[in-house]
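The values are calculated or read from the model by the stated rules, or taken from the named source; none is laboratory data. All values derive from a computational prediction rather than experimental measurement. Heads up, the Cβs are rebuilt from the backbone with ideal geometry, glycines too, and the neighbour counts pull from every protein chain shown.
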Amino acid sequence: MAKISVGVLSTFNHETHDWVIYKDRLEQWFVANDIAGETEDDKSASAKRRAILLSSLAECTYKLLRDLALPKELGNLSYADVVLLLDGHFKPKICGFAERNSFYSAMQSANETFSDWAARVRGLALHCGFSASTLDDTLRDRFVLGMVQGPERDKLFTETMSSLTFSSALQTAENVRSARKGARAGATGASGSSAADNELGVYKMAASRAPASAGARPTGSTGASCTICGYRGHSASDCRFANSICDKCGSKGHLKRVCRKKLPNKKINFVECCLDSGDEEGLAD
């Protein structure tokens, strides 16, 4: 009965894949399937590994490897020799200063989670040559200083550096993010409006939100408009226009657009001047 292989061994194409990552995955596939490495006493293991690797190469990659091996034939090379050829061609030449420049200039992107940002910081430090004694502090500093502006970064800035590690900085950032998310969800459930709109205490009056007429409920809204300013999304007790002076009636506590006071009509008195007959005759002339 044929032995069933464990895991999936994909095809390696140097135009779209990373050789270093593929080689690591290939080594793990060998371990999972009990394919031993090359030994002095067992050359067949090397031949089997070589055959598996060569059969897993895309046509363009196989042709490239064959050219790299000339004048030798690929079938005459050991697995270690084939890997050495691929390493020499695909492994990037590392420049320490360039790696550190990439590390120190890295910034968290707007849509990147804190966990992903922390993982990227670790990866950027791989070839920087940081000493083991200072590595954790270096990772922590880049993680905190490269974070996007927000409450999480502000919270970490209040922490004592001597007690803050890279892992605890990540944990603190995740805790603050989770707390903010829970608070917004609770506020939304309690008031029916988005807590994000009121986070800074400033109500965002978008152009699409037309002010409601005096005393009327806005069309398509599930809640009444504010009696002070006429906009939706908050109550009158939280309105920032509570101390405003109405331009219509002069009273304090509401805006002109929601003013309900009816001012008396201004009467204009017309004075009729009666002309005597002599004046009328003079005008007729």
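Tabulated values for the structure
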{"read-out": "Filter result (under 18 Å from the mean Cα position of the chain (by Cα), assigned to a helix (DSSP H, G or I) and either loosely packed, with under 15 Cβ neighbours inside 10 Å or of a type in the set (Ser, Thr, Tyr) (or both)) within segment 107-129", "value": "SER115, ASP116, ALA119"}
{"read-out": "Complete set of residues in segment 214-240 that are within 19 Å of LYS252 (Cα to Cα) and modelled with pLDDT under 80", "value": "ALA214, GLY215"}
{"read-out": "Qualifying residue in segment 49-57 (condition: without any contact (Cβ under 8 Å) to a residue 60 or more places away in the chain and not in a helix (DSSP H, G or I))", "value": "yes"}
{"read-out": "Answer residue from segment 134-152, given it is within 17 Å of the chain's Cα centre (by Cα) and surrounded by 17 or more Cβ atoms within 10 Å (Cβ to Cβ) and is nearest to SER105 (Cα to Cα) among those", "value": "GLY146"}
{"read-out": "Test: residue in segment 168-181 that is outside any helix (DSSP H, G or I), on the phi < 0 side of the Ramachandran plot and of a type outside the set (Val, Ile, Thr)", "value": "no"}
{"read-out": "Those residues of segment 32-81 which are within 22 Å of VAL20 (Cβ to Cβ) and β-branched (Val, Ile, Thr), in sequence order", "value": "ILE35, ILE52, THR61"}
{"read-out": "Residues of segment 172-187 that turn out to be surrounded by 13 or more Cβ atoms within 10 Å (Cβ to Cβ) and among the polar types (S, T, N, Q), as a count", "value": "1"}
{"read-out": "Condition broken by ILE35, with the remaining ones in (1) part of a loop (DSSP other than H, G, I, E, B); (2) exposed (fewer than 13 other Cβ atoms within 10 Å of the Cβ) satisfied", "value": "(2)"}
{"read-out": "Check on TYR104, in contact with a Lys or Arg (Cβ under 8 Å, 6 or more places away or on another chain), hydroxyl-bearing (Ser, Thr, Tyr), free of Cβ contacts under 8 Å to residues at least 60 places away in the same chain and surrounded by 12 or more Cβ atoms within 10 Å (Cβ to Cβ)", "value": "yes"}
